[in-house]
Amino acid sequence: KYPRWALAAKFNAEKALTKVLKIDLQVGRTGAITPVARLNPINIGGVMVSNATLHNFDEIKKKDIRINDSVWVKRAGDVIPYISKVDKSKREKNNQEFKIPKKCPCGKFQIIKINNETVQRCSGGSKCPYQYVESLKHFVSRNAMDIEGLGERTIDVFVEIGFLKSVTDLYKLSKSQIIDLEGFASKSTDQLLDSINSSLTTDLYRSVYALGINELGLETSKNLLKYFIILISIHPA
């Protein structure tokens, strides 16, 4: 960048050569399928990297990334690992091309494209167990209902046990259910239940954002509420 008279230069990002061991699929709360390369662990700038996002299926095809390929890995912004290119000089004949699956990793629903989006999605919606868990994690996150003490691992455990079959089950949790679980004691259980109860009086825009509606971010949630509050004040019932 060069604002006014100043000129800034950056060193090239550090990179390292490693192998793609396999490619897994992650499912987001909106059903977006993100392929992730599992790598032979490699040190890049003092950080051990064993995973790299591949963004979408088109990225795999564009860079021609195959299982067991030797790849150059960089960290975008010195943070997020990504595969910059494949070293095809080291490619072996039996390196497998990645085949785009027809079904979501949950095994129940088809993977589909919506309105020519680059990202492909699971068609299961909230019925997909992966989407459901991710939507719960979004619901309790700091910008949404901000429920402290309910981290990702705890949600995974609660869902696995059967405590959270729907979002409303959060508000039915009792001390007797939680206190005997690993990692919980009387004080931490009380703090979690207090945080859940406090979320009932959060700002309305947070509740709207917590619903996890596709394309509805935090700022859009605020703007929608402002619009409807003004509309109601102009045209009261």
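The values are calculated or read from the model by the stated rules, or taken from the named source; none is laboratory data. As the structure is a prediction and not an experimental result, all values here were calculated from the model. Every residue, glycine among them, receives a Cβ derived from its backbone with ideal geometry; neighbour counts consider all protein chains shown. Quick note on the areas: whole protein, heavy atoms, side chains included, nothing else; ligands and nucleic acids left out. Shrake-Rupley method; radii C 1.70, N 1.55, O 1.52, S 1.80 Å.
General remarks:
- Long-range HN-HN contacts of residue 15 with modeled amide H, under 5 Å: none
- Loop-located trypsin sites (Lys or Arg not before Pro) across the range 1-41 with a Cβ neighbour count of 16 or fewer within 10 Å are 1, 4, 10, with loop assigned by DSSP.
- In this structure, residue 175 and residue 222 have a Cβ-Cβ separation that, at R0 = 41 Å, corresponds to a calculated FRET efficiency of about 0.75.
- Model label points for residue 97 and residue 200, set 7 angstrom from Cα along the Cα-to-Cβ axis, are 5.7 nm apart.
- Exposed loop sites are taken as chymotrypsin sites (Phe, Trp or Tyr not before Pro) in a DSSP loop (any state but H, G, I, E or B) with at most 12 other beta carbon atoms within 10 Å; the longest stretch of the chain without one runs 12-237.
- Residues whose amide H comes within less than 5 Å of that of residue 66, counting only those at least five positions distant or on another chain, are absent (H built at 1.01 Å from N in the peptide plane).
- Based on C-alpha pairs under 8 angstrom that are at least 6 apart in sequence, the range 1-69 has a relative contact order of 28 percent.
- Measuring between their Cα centroids, the range 99-168 and the range 189-214 lie 18 Å from each other.
- Surface accessible to a 1.4 Å probe, per residue, for the residues of the range 38-124, Å²: 62
- Prolate/oblate/rounded call for the range 16-105, Cα gyration tensor, a/c under 1.5 rounded: oblate
- Gained length - residue 76 relative to residue 112, 0.36 nm times residue gap less alpha-carbon distance: 10.1 nm
- Each residue of the range 16-21 is assigned a 3J(HN,Hα), and the resulting list reads 8, 9, 8, 10, 7, 7 Hz, derived from the Karplus form 6.51 cos²θ - 1.76 cosθ + 1.60 (θ = phi - 60°), x at Gly and Pro.
- A simple rule links phi to the HN-Hα coupling: the Karplus curve 6.51 cos²θ - 1.76 cosθ + 1.60 with θ = phi - 60°, which for the range 162-179 gives x, 6, 10, 8, 7, 4, 5, 5, 4, 8, 10, 5, 10, 5, 5, 6, 8, 4 Hz, with x for Gly and Pro.
- Three-way shape label, the range 149-237, alpha-carbon gyration tensor, a/c 1.5: prolate
- Dividing the mean sequence gap of close Cα pairs (under 8 Å, 6+ apart) by how many residues the range 88-196 holds gives a relative contact order of 15 percent.
- Taken about its Cα centre, the chain carries a charge dipole of about 1180 debye when Lys and Arg each add +1 at the Cβ and Asp and Glu each add -1 at the Cβ.
- Residues of the range 23-49 with amide N under 12 Å of a point placed 7 Å along Cα→Cβ from residue 63: 35-39
- Per-atom-type breakdown for the chain gives carbon and sulfur 52% of the accessible area (1.4 Å probe, protein chains only).
- Mean separation of Cα contacts under 8 Å, 6 or more apart, over the residue count of the chain: relative contact order %: 15
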